[in-house]
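The values are calculated or read from the model by the stated rules, or taken from the named source; none is laboratory data. Because the structure is predicted, anything quoted here is derived from the model rather than measured. Cβ sites come from the backbone with ideal geometry, for glycine too, and all protein chains shown count toward neighbours.
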Amino acid sequence: MDDRQRHMEGVVVLERFWYGKRVFITGHTGFKGSWLSMWLAGMGAEVTGYALKPPTDPNIFTLAEVEQNMCSHCGDVKDFTSLLETLRQHEPEVVFHLAAQSLVRHSYADPVETFATNVLGTVNILEAARQVGSVRVVVNVTSDKCYENVDLDRGYRETDRLEGSDPYSASKACSEMVTTSYRRSFFDGAKSPERKIYLASARAGNVIGGGDWAADRLVPDLMRSFAERRVAPIRNPTAVRPWQHVLEPLHGYLLLAEKLWHHGYKFGGGWNFGPPGENDVTVGELAEFIAGLWGDDARWFRDHASHPREAKSLRLDSARARTLLGWKCLLPLEAAVTWVVDWYKGFTNGLDMRGITLRQIKTYQDLARELE
């Protein structure tokens, strides 16, 4: 049995499509990029990653040995020459663009870096894809914060207005507009029949999962505090968020790329990937549930210090993805949170984090069997 056959053991979703596909992932050393890289490599894809060094220490990329079954390049998406050379070297067929400055609070501290990475980085990957003849599908991963947040009672739809009141949100709205511009100007088969690239954007938020150590995010903040037996500070416990495990939107991105490959432009444009309403709970409720699962007298308190404004609620309407992609969240919130706590407890106890990560991916794939 060769290495690729071993990778295929236990794979139950999308494996027939992804087996042997050449896939290029920007941001593969980050939280979501690491999970996506491992999933694709496990399905037999030839995965190449392009990103800066892991953004935190510790980090999932190192702990789960993500580089083991892929080709990893250290590079900045703002460096067009390096990015183009790497794409030409590996001739990918599918590109997932995840590289980003992804923190709202950091965007206030360094708006120039935020716009340069999130906007110019998008321009660079789309232009490089345009110049590399092998690329057929591109999925640009942005954020639920690309929408103009007017505190709607309903979930935001793909046709709602794009805007951002903070640098991060504005940069993601700009990334969406760059994507639309490239699709209409260069990737429209009617205008360029000799070169067809199918392009879409994916919007998700409030993603939780093992291996996220980013600053100023609820779950990483809780995990750091609880592991160190500190009481965790919570900024806005009354804010309502639709929480989902990281594998949920990644499943959506994979389904979207497959549909683009087979059906082209009809699956272009923006796509929402958000959980059902029963996953909507307050920050305080989620913190309380996580504390109970963690044990060891884990507790939190409300931090009354001055912080940048946060939306009271932000939901996505994912009807389009459910109807046209057949996508849906597979994990109830309780299960998703349990997986997250189990992952961090494994890390705290010095367990094999690559094995734990792969087992969670396989368990999710087993659940996805029902969709096939």
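Miscellaneous remarks
- Checking each residue in segment 348-372 for being farther than 20 Å from PRO332 by Cα and touching a helix residue (DSSP H, G or I) at 6+ places or on another chain (Cβ under 6 Å) picks out THR348, MET353.
- Test: residue in segment 182-195 that is modelled with pLDDT of 95 or more and out of contact with any Leu (no Cβ under 8 Å at 6 or more places or on another chain): no
- Residue in segment 227-242 that is nearest to GLY33 (Cα to Cα), counting only those that are small (Gly, Ala, Ser) and outside any strand (DSSP E or B): ALA227
- Considering segment 254-302, there are no qualifying strands (runs of 3 or more DSSP E) wholly inside with 2 or more residues that are under 20 Å from the mean Cα position of the chain (by Cα), among the acidic types (Asp, Glu) and at positive phi.
- Some residue of segment 243-264 being surrounded by fewer than 21 Cβ atoms within 10 Å (Cβ to Cβ) and of a type in the set (Val, Ile, Thr): no
- Any chance TRP339 is farther than 28 Å from GLY164 by Cβ, in contact with a His (Cβ under 9 Å, 6 or more places away or on another chain) and assigned to a helix (DSSP H, G or I): yes
- Beta carbons closer than 9 Å, at least 6 apart along the sequence or on distinct chains, pair a first residue in segment 58-73 that is more than 23 Å from MET223 (Cβ to Cβ) and in contact (Cβ under 8 Å) with a residue 12 or more places away in the chain with a second that is buried (at least 18 other Cβ atoms within 10 Å of the Cβ) and among the charged types (D, E, K, R) for MET70/GLU46; CYS71/GLU46.
- Residue satisfying all of: in segment 85-110; modelled with pLDDT of 95 or more and in a helix (DSSP H, G or I); surrounded by the fewest Cβ atoms within 10 Å (Cβ to Cβ) among these: GLN89
- Pairs with Cβ under 7 Å, 6+ apart, first in segment 102-116 and under 19 Å from THR26 (Cβ atoms), second modelled with pLDDT under 90 and surrounded by fewer than 17 Cβ atoms within 10 Å (Cβ to Cβ): LEU103/ALA215; LEU103/ASP216
- Test: residue in segment 79-91 that is β-branched (Val, Ile, Thr) and out of contact with any strand residue (DSSP E or B) (no Cβ under 7 Å at 6 or more places or on another chain): yes
- Look at (1) under 24 Å from the mean Cα position of the chain (by Cα); (2) in contact (Cβ under 8 Å) with a residue 12 or more places away in the chain; (3) not in a loop (DSSP other than H, G, I, E, B) and you find that ARG224 fails only one, number (2).
- Among (1) over 30 Å from TRP300 (Cβ atoms); (2) assigned to a helix (DSSP H, G or I); (3) in contact (Cβ under 8 Å) with a residue 60 or more places away in the chain, the one test that TYR182 misses: (3)
- Failed condition for GLU176, given (1) surrounded by fewer than 18 Cβ atoms within 10 Å (Cβ to Cβ); (2) touching a Ser or Thr at 6+ places or on another chain (Cβ under 6 Å): (1)
- Checking each residue in segment 207-221 for being within 15 Å of the chain's Cα centre (by Cα) and not hydrophobic (A, V, I, L, M, F, W, C) picks out GLY209, GLY210, GLY211, ASP212, ARG217.
- Inside segment 273-305, residues that are exposed (fewer than 13 other Cβ atoms within 10 Å of the Cβ) and within 30 Å of GLY326 (Cα to Cα) make up a count of 2.
- Flag for VAL135 being modelled with pLDDT of 95 or more, outside any helix (DSSP H, G or I) and more than 24 Å from TYR265 (Cα to Cα): no
- Among all positions in segment 122-143, there is at least one residue which is surrounded by fewer than 20 Cβ atoms within 10 Å (Cβ to Cβ), of a type in the set (Asp, Glu) and over 20 Å from PHE273 (Cβ atoms).
- Every condition in (1) outside any loop (DSSP other than H, G, I, E, B); (2) modelled with pLDDT under 95 holds for LEU152 except the one numbered (1).
- Any hit, segment 196-219, residues being touching a strand residue (DSSP E or B) at 6+ places or on another chain (Cβ under 8 Å) and assigned to a helix (DSSP H, G or I): yes
- Residue check, GLY49 more than 21 Å from THR142 (Cα to Cα), modelled with pLDDT of 95 or more, within 18 Å of the chain's Cα centre (by Cα) and surrounded by 22 or more Cβ atoms within 10 Å (Cβ to Cβ): no
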